[in-house]
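Structure first, then comments.
The values are calculated or read from the model by the stated rules, or taken from the named source; none is laboratory data. This one's a predicted model, so the numbers in the text were calculated from it and none came from an experiment. Positions of Cβ are generated from backbone atoms using ideal geometry, with glycine treated the same way; all protein chains shown enter the neighbour counts. SASA here: full protein model, heavy atoms, side chains in, ligands and nucleic acids out. Shrake-Rupley method; radii C 1.70, N 1.55, O 1.52, S 1.80 Å.
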Amino acid sequence: MMKRLCYIGIATKCSLSSGFITTQTKTTHRLLFQTSRMMVAKSNNNLVTIPDAITAHKQNSKHIKFIDGSWHMPVGDNPRNGRAEFISGPRIPGAFYYDIDDIAPAMGSDDNPKKLPHMKPSSKMFASAMDQMGILPSDTLFVYATNDCAFYHRAYWTLRSCGHDPALVKLVQGSLDEWKECGGELEKGQLAEEDERLFRMSDLGWEEKTPTYQVMSDNEDVVVDMDQVLDIVNQKDTADAVIVDARSAGRFVGTAPEPRPGLRGGHMPGALNVPFTDLLDADDKTKFRPMDEVRDIFIKAGISPDASNRKVVCSCGSGVTAAALAIGLEECGLRNKEDITIFDGSWIEWGSSDSTPIVTD
């Protein structure tokens, strides 16, 4: 019998026995904090365990789709590449790859004149990508990541924020190693160049077509731009929102260099710092820490549990790890989804400008 610890807020065991996946509660006290504390928002419980994801996959339902949302920082001598790893495998059978760099406004286009990476796509572009992946608005989507990937939250956030029903998008907690150990099937081998899953938006001619996928709403208010962030900074304590930065403490105070050249160090005046890695399991970056711990981290950083107090703008280096903050805030119950936004340009836009205020204390 193969066993492995896997959890989302509570610890569970997954075991493979006679072909059936079972989950057994190991501890329940982590659930009790939700009733013992005054909650100001309702968590969505959209995080799912590996055993639950395997059960869904084994249904072989055409209305259940798995999506690899892996992404990695393109820095260093030999950086990992989520798309390349999806092509080489292993991957969950039938899964598509959501490329946050490709399903985004082209750099230098009218929608992205500042040439910022992986910005939120337009509703039409998003719908066209959904058509290409054969996704219907009624489908349930399971977003997963390859081993040791801490950056797949942006794909999940984009799917929920660009028009798919947020209740139908699930974030799988756990690695492909755990998937295999819990009895999940894996597809191996290099994908052929002509595989339909390896599409590029630039090859689809989507601008000239009318997509059939119907988004729930345009959701333009899920992101804020630099002018809106400047207003928050200038209003100081009277602003109706607080900025939370997901970068490391060293980058936040300007003592550690930015991984991208040409950016100033420091942070926006009045911003709070919650390094996104603090929210993740120290032993498995594809999992959040228990949600009571996540909640405490935010509160200790200065996020008031009073939901009527201030909305939250999440920022980071380029808009990717800010999504981890947004998910954590919602799942731990500190804020509702509509009270959380992402500064899409994040520090790439702010730190590259000569006119934006920056502090290092």
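You will find that of Gly89, Gly94, Gly69, the residue that is closer than 16 Å to Val143 by Cβ and surrounded by fewer than 18 Cβ atoms within 10 Å (Cβ to Cβ) is Gly94 and no other.
For first residues located in segment 90-107 and in contact (Cβ under 8 Å) with a residue 60 or more places away in the chain and basic (Lys, Arg), partners that are in a loop (DSSP other than H, G, I, E, B) and surrounded by fewer than 16 Cβ atoms within 10 Å (Cβ to Cβ) and lie 6+ apart or on another chain with Cβ distances below 9 Å form the pairs Arg91/Leu186; Arg91/Lys188.
Pairs meeting the criteria (first residue in segment 314-340 and at positive phi, second residue among the hydroxyl-bearing types (Ser, Thr, Tyr) and part of a loop (DSSP other than H, G, I, E, B), beta carbons under 8 Å, at least 6 apart or on different chains) are Gly333/Ser43. Evaluate the following for Ser123: is it closer than 25 Å to Gly205 by Cα and surrounded by 18 or more Cβ atoms within 10 Å (Cβ to Cβ)? Judged against the criteria, Ser123 is a match.
Select from segment 215-226 the residues that are in contact with a helix residue (DSSP H, G or I) (Cβ under 7 Å, 6 or more places away or on another chain) and either open to solvent by 80 Å² or more (accessible area, probe 1.4 Å) or of a type in the set (D, E, K, R) (or both) and list them in ascending order. Hit for segment 215-226 is Asp218, nothing else. Any residue at all in segment 138-157 that's at positive phi and under 17 Å from the mean Cα position of the chain (by Cα)? Yes, some residue in segment 138-157 is at positive phi and under 17 Å from the mean Cα position of the chain (by Cα). Step by step: first the residues of segment 176-214, then only those that are among the acidic types (Asp, Glu) and within 23 Å of the chain's Cα centre (by Cα), then the one that is most open to solvent (accessible area, probe 1.4 Å). Which residue is that? Checking each candidate, the answer is Asp177. Helices (runs of 4 or more DSSP H) fully within segment 81-174 that include at least 1 residues being within 29 Å of Ser353 (Cα to Cα): 123-132, 153-161. If you go through segment 40-58 and keep only what is over 20 Å from the mean Cα position of the chain (by Cα), open to solvent by 20 Å² or more (accessible area, probe 1.4 Å) and under 17 Å from Val169 (Cβ atoms), you end up with just His57. If you go through segment 157-175 and pick out every residue that is open to solvent by less than 10 Å² (accessible area, probe 1.4 Å) and touching a Lys or Arg at 6+ places or on another chain (Cβ under 8 Å), you end up with 6. Every condition in (1) more than 29 Å from Cys314 (Cα to Cα); (2) part of a helix (DSSP H, G or I) holds for Thr210 except the one numbered (2). Report yes if Ala282 is at pLDDT 95 or above, within 26 Å of Arg260 (Cα to Cα) and in contact with a strand residue (DSSP E or B) (Cβ under 7 Å, 6 or more places away or on another chain), otherwise no. So Ala282 fails the test.
Search segment 270-306 for residues being without any contact (Cβ under 8 Å) to a residue 60 or more places away in the chain and assigned to a loop (DSSP other than H, G, I, E, B), and hand back the single one that is most open to solvent (accessible area, probe 1.4 Å). Only one residue tops the list, namely Asp283. Within segment 316-361, the set of residues being part of a loop (DSSP other than H, G, I, E, B), of a type in the set (D, E, K, R), more than 16 Å from the chain's Cα centre (by Cα) and within 23 Å of Gly108 (Cα to Cα) comprises Asp354 only.
Suppose the filter is surrounded by fewer than 19 Cβ atoms within 10 Å (Cβ to Cβ), touching a residue at least 12 places away in the same chain (Cβ under 8 Å) and not aromatic (Phe, Trp, Tyr); does Gly134 pass it? So Gly134 fits the description; yes. Given the criteria of a type outside the set (Val, Ile, Thr), part of a strand (DSSP E or B), in contact (Cβ under 8 Å) with a residue 12 or more places away in the chain and farther than 30 Å from Ser352 by Cα, does Leu191 qualify? It is false that Leu191 is of a type outside the set (Val, Ile, Thr), part of a strand (DSSP E or B), in contact (Cβ under 8 Å) with a residue 12 or more places away in the chain and farther than 30 Å from Ser352 by Cα. Would you please name the residue that is modelled with the lowest pLDDT, looking only at residues in segment 227-269 that are in a helix (DSSP H, G or I) and open to solvent by 80 Å² or more (accessible area, probe 1.4 Å)? Within segment 227-269, the match that is modelled with the lowest pLDDT is Asp237.
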